[in-house]
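Student: Before we start, here is the structure in question, set down as structure tokens.
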Amino acid sequence: MSAAQPYRGRLAPSPTGYLHLGHARTFWAAQERARANGGTLVLRNEDLDSTRYQMEFVTTMLEDLRWFGFEWQEGPDVGGAFGPYNQSERMAFYRATLEQLRAGGFIYPCTCSRKDIQAAVRAPHAEDDDEPVYPGTCRDKLLPTLNSQPSTRFSWRFRVPDGETVAFTDGSCGEQRFVAGQDFGDFIVWRRDDVPAYQLVCVADDAAMQITEVVRGADLLKSTARQILLYRALGLTPPKFFHCDLMRDEAGVRLAKRHDALSLRALKAQGTTPASLRHSWR
Ligand code: GLU
């Protein structure tokens, strides 16, 4: 990022359930950082996971965010120069990104593990991100593929540079180091059911939307290492990163959409005000 580039941040919620207080706290940090830098905040609707995504959640997600006090300058409901802001409308762009990776020799078709493949579309939050390092079963199979057109026979996997340390300085968590092939293995960028994976769409969109700083939960630190490899493969410069602490319940469990009582919806129904919730974070 050059010093002259104006700050652009983003909120990237997935409409897979009601947003809860943990989301709000991370998003608030993103909004505050955009404001402090006189920047622009983009709302990107990450609605690719059609198995979990429900139209109703898109509407409630936008309502809940506005109720809480979020204001974005670009997004699916307000437009902007970098749209569309619904990922479901960006498929052609993701395909072109996949093709660029294929042409560069960075990915290979893989016929393994349906479970891995289904998980790949979602951001691998905390407990989901302990997947074993892919053993490389399909790495050198040279399955016959003419191009990166979708096929129900295989997914596409990114070949990580085994043994290489991916290091970055996080704006909140400090120095980070992950070793490719040890901390994480070859990861899926496109599922065999023709859905692009989170890692690919996140990088493609953050770059295309000229995001200068990604603010998100600390459970995605390892994904950032994966994404830095994708930026490099695509000849793109990574943004800055700022990973926030996760909010936990009294038992120390990371808040998730299953914590209904802490959903913004429920808090609003109880008459709680956003200001009092924000105050409790101090
Ligand atoms: N939609 C993703 C999620 O909900 C976004 C992760 C990110 O901010 O990169 O986890």
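All of the numbers you see were taken from the coordinates with simple rules; none came from a lab. Worth saying up front: this structure is predicted, and the values here are computed from it rather than measured. Please note: Cβ atoms are built from the backbone with ideal geometry, for glycine as well, and neighbour counts cover all protein chains shown.
Student: For segment 5-40 and segment 207-259, write down the distance between their C-alpha centroids in whole Å.
Tutor: Measuring centre to centre over Cα atoms gives 12 Å.
Student: Per DSSP H run of at least 4 residues, take -39500 (n - 2.57); add these up for the chain, divide by its residues and hand me the 222 nm value, nearest 500 deg cm²/dmol.
Tutor: On the way: 8 runs with 86 residues, N = 282.
So the calculated ellipticity at 222 nm is -9000 deg cm²/dmol.
Student: Further question: Quick one: if you stick a label point 7 Å off each Cα along the C-beta vector at residue 103 and residue 253, how many nm between them?
Tutor: 4.8 nm
Student: Quick check on segment 173-228: take the gyration tensor over C-alpha atoms, sort the square-rooted eigenvalues as a ≥ b ≥ c, and tell me if it's rounded (a/c under 1.5), prolate or oblate.
Tutor: oblate
Student: Points 7 angstrom from Cα along the Cβ direction at residue 96 and residue 165: gap in nanometres?
Tutor: Modelled inter-label distance: 3.8 nm.
Student: Among 104, 210, 261, pick out the residue whose Cα is farthest towards the positive end of the charge dipole of the chain, where Lys and Arg carry +1 and Asp and Glu carry -1 on C-beta, about the Cα centre.
Tutor: The one lying farthest along the dipole's positive direction is 104.
Student: FRET efficiency for residue 237 and residue 89, Cβ-Cβ distance as r, R0 = 25 Å, nearest 0.05? The partial results should precede the final answer.
Tutor: Details: r = 25 Å, r/R0 = 1.02.
My answer for the efficiency is 0.50.
Student: Follow-up question, since we're still on this one. Any idea what diffusion coefficient segment 1-50 gets from Stokes-Einstein, in µm²/s, Kirkwood Rh on alpha carbon pairs, 10 °C, 1.306 mPa s?
Tutor: 131 µm²/s
Student: Between residue 193 and residue 5, what's the calculated FRET efficiency when r is the beta-carbon distance and R0 is 45 Å? Round to 0.05.
Tutor: Working: r = 37 Å, r/R0 = 0.82.
Between residue 193 and residue 5 the formula returns 0.75.
Student: For a distance above 25 Å, tell me the whole-number percent of Cα pairs in the chain that qualify.
Tutor: Value for the chain (Cα pairs over 25 Å): 46 percent.
Student: OK, next. Given N residues in segment 175-277, what is its alpha carbon radius of gyration divided by 2.2 N^0.38 Å? Display every interim value, and only then the final one.
Tutor: Details: Rg = 17.2 Å, N = 103, 2.2 N^0.38 = 12.8 Å.
Computed over Cα atoms of segment 175-277, the ratio equals 1.35.
Student: Further question: Between residue 261 and residue 183, what is the spin-label point distance in nm, taking each point 7 Å from the Cα along the Cα→C-beta axis?
Tutor: The two pseudo-label positions are separated by 3.6 nm.
Student: Residue separation times 0.36 nm, minus the C-alpha to C-alpha distance between residue 280 and residue 54: what's the value?
Tutor: Full extension of this stretch gives 78.2 nm more.
Student: Mind checking the full-extension length gain between residue 81 and residue 111? Use 0.36 nm per residue of separation minus the Cα-Cα distance, one decimal, nm.
Tutor: Using 0.36 nm per residue and subtracting the Cα-Cα distance, I get 6.9 nm.
Student: Arranged from highest to lowest average of other beta-carbon atoms within 10 Å per residue, in what order do the peptides 38-46, 235-243, 57-65 appear?
Tutor: Ranked by mean Cβ neighbours within 10 Å, highest first: 38-46, 57-65, 235-243.
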